[in-house]
C-alpha cells in the first residue's frame, strides 16, 4: 500500500469522524446573524494552519481514541505525553511521516483549547495515550491553566479593541 493511498484513507476516516462529531455536537439553538454578519461569516476563510492542526487532532482521535476524545469529554493529559506520542508514533510504520509530524504539532493546539483548559482542575486525573490514569492535576497546574486561559481571552479582547480602533475613520 502506498503512502499516498494510506493518506487518502486517513483523510477519509478523519472526514467521517469530523462529520459525525459535527452532527453529534450541533448546538440546539443557532445564534441568528443579521445579513451583514451572515455575509461576513460566509466570506471568512479558515486559515491553512487551522485546517492542518484540526486534521492532526482528528488523526490523534483515530489512532488514540481513549486519550483524545470529543470536546465535551476531554481529560488532562499525562505530563510528558509529547515524548510518549513521538515514541509510539515511531513504532507505527503504517502512518506516513507527514501525518506523524502533523499529530505531534497538533498536540500543542489540542492542549491550548478552551475545552482542555476547563478540564485541568485540581485533583483531576491525567491520562496517558491508552486512556489509563497517569497522575493528578496539582493546584499549581490548575492555577496555571486558568491563568493561561485568561491571558488568551485578554489578548483576544485587546486585539479586537485594537482592530476596532484601526477601523474608525476620523474626518
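Since every read-out is calculated from the coordinates, none of them should be taken as a lab result. Just so it is clear, the structure is predicted and the values come from calculations on it, not from any experiment. For neighbour counting, all protein chains shown are included, and Cβ atoms are generated from backbone atoms with ideal geometry for every residue, glycine included.
Things worth noting here:
- Virtual paramagnetic centre 7 Å along Cα→Cβ of residue 148, amide N under 13 Å, in the range 114-134: 114-121
- Overall form of the range 38-98 per C-alpha gyration tensor (a/c, 1.5; a/b vs b/c): prolate
- Gain upon complete extension [residue 48, residue 139; 0.36 nm per residue less C-alpha separation]: 29.1 nm
- Placing dummy labels 7 Å off each Cα toward the beta-carbon, the span from residue 130 to residue 109 is 2.9 nm.
- Highest average first, the peptides 107-116, 130-139, 151-160 ordered by how many other beta carbon atoms sit within 10 Å of their residues are 107-116, 130-139, 151-160.
- Three-way shape label, the range 38-153, alpha-carbon gyration tensor, a/c 1.5: oblate
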